[in-house]
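These notes concern the structure reproduced below.
The values are calculated or read from the model by the stated rules, or taken from the named source; none is laboratory data. From a predicted model like this one, the values you see are computed outputs, not experimental measurements. Please note: Cβ atoms are built from the backbone with ideal geometry, for glycine as well, and neighbour counts cover all protein chains shown.
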């Protein structure tokens, strides 16, 4: 026995060995998901062939055979003969090169385009700052107020030596960001109040919240925009007029608030009853119980549907074109009305789709990370 225990080959730890490549890594994933059997292999090869074929075709159309600029005459008319010569074979990105300012800023005065461009950068900076958790303090609200005030000064002007620009001249991306930002910023607190009201024990408050939600959700957004633009001014006193952009903003806030209220209510109902009982056992008041225990947990549960609703309403801001507001999509459609650029709408709509996608994808990825961080304790 002593000879056996003294043998160093028996007491030495075994050398670590790498797992077979067929069990882990990309090769194992491909074997399991793409080439598991003969029909899975056939589908994978067929889809791969179509993806490569369509991908190469798109590269040839969008880059290899594309036209990036066209000559402009002394009268400011574009010569699009080169674009029409390759139509169907190559893209005409010259329409974006020539009309990008109009698409982004609409009919805002050309020599003042730096102002809406700065507004867009301020909005993006505000989004990024608000996404960083270490800035989630009460000072962030003051930053929002200051930045939104600066945005209003830049867009309107009339002070600090800036030229005054009427709202009828606003358009493009700033309008989309204004409608989406103010709409969701005011709709979310409204949704929380309505969701809590629907769960109230007071019959009058509960009935009022139910009527609001069901009435708003029962009609399309377009009808609310029409009512805000056409019917609402009929009920105002003579000589009183509210700006069309503000009326559309209120309609969007009311519409988004009703949908978000149901999402928040779902989170409140999904919370275990024991959380409510534990808060009551601590002797907390209704507002402390709701603000510190119930609502934070409920909102964590509904991050995916909340962000999904945010993304939907960000895109729904394009419906304001129905009432003549010059948002990003409307500016893009108007850019190709000029006879020289008619027939090149695909390039414009692809550019607009890319802009919408970047904002929506950023919201989606951020919400995924936020959900994983907040619900980390559930996966332990």
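Here are the numbers for this structure:
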| item | result |
| --- | --- |
| Unmet criterion (only one of (1) without any contact (Cβ under 8 Å) to a residue 24 or more places away in the chain; (2) assigned to a helix (DSSP H, G or I); (3) loosely packed, with under 14 Cβ neighbours inside 10 Å) for residue 333 | (3) |
| Extreme residue, nearest to the chain's Cα centre (by Cα), among residues of segment 339-359 that are surrounded by 16 or more Cβ atoms within 10 Å (Cβ to Cβ) and under 30 Å from residue 301 (Cβ atoms) | 359 |
| Residue satisfying condition, being in contact (Cβ under 8 Å) with a residue 12 or more places away in the chain and closer than 20 Å to residue 184 by Cβ, within set 123, 102 | 123 |
| Flag if residue 278 is within 26 Å of residue 197 (Cα to Cα), at pLDDT below 90 and part of a helix (DSSP H, G or I) | yes |
| Residue 309 vs. criteria buried (at least 19 other Cβ atoms within 10 Å of the Cβ), in a helix (DSSP H, G or I) and touching a strand residue (DSSP E or B) at 6+ places or on another chain (Cβ under 9 Å) | no |
| Scan of segment 340-352 for residues that are closer than 13 Å to residue 83 by Cβ and free of Cβ contacts under 8 Å to residues at least 24 places away in the same chain, ordered by number | 342, 345 |
| Condition met for residue 328 (within 27 Å of residue 221 (Cβ to Cβ), touching a strand residue (DSSP E or B) at 6+ places or on another chain (Cβ under 8 Å) and modelled with pLDDT of 90 or more) | yes |
| Unmet requirement for residue 290, which otherwise passes all of (1) farther than 24 Å from residue 217 by Cα; (2) surrounded by fewer than 17 Cβ atoms within 10 Å (Cβ to Cβ); (3) in contact (Cβ under 8 Å) with a residue 12 or more places away in the chain | (2) |
| Selected residue [touching a residue at least 40 places away in the same chain (Cβ under 8 Å), in the same structural domain as residue 144 (by TED's automatic domain parsing), closer than 30 Å to residue 127 by Cβ and touching a strand residue (DSSP E or B) at 6+ places or on another chain (Cβ under 9 Å)] from 253, 175, 216, 192 | 175 |
| Residue within segment 225-233 that is in the same structural domain as residue 367 (by TED's automatic domain parsing), modelled with pLDDT of 90 or more and surrounded by 12 or more Cβ atoms within 10 Å (Cβ to Cβ) present | yes |
| Of all residues in segment 263-275 being modelled with pLDDT under 90 and under 28 Å from the mean Cα position of the chain (by Cα), the one that is surrounded by the fewest Cβ atoms within 10 Å (Cβ to Cβ) | 270 |
| Some residue of segment 118-135 being loosely packed, with under 11 Cβ neighbours inside 10 Å, within 31 Å of the chain's Cα centre (by Cα) and modelled with pLDDT of 95 or more | yes |
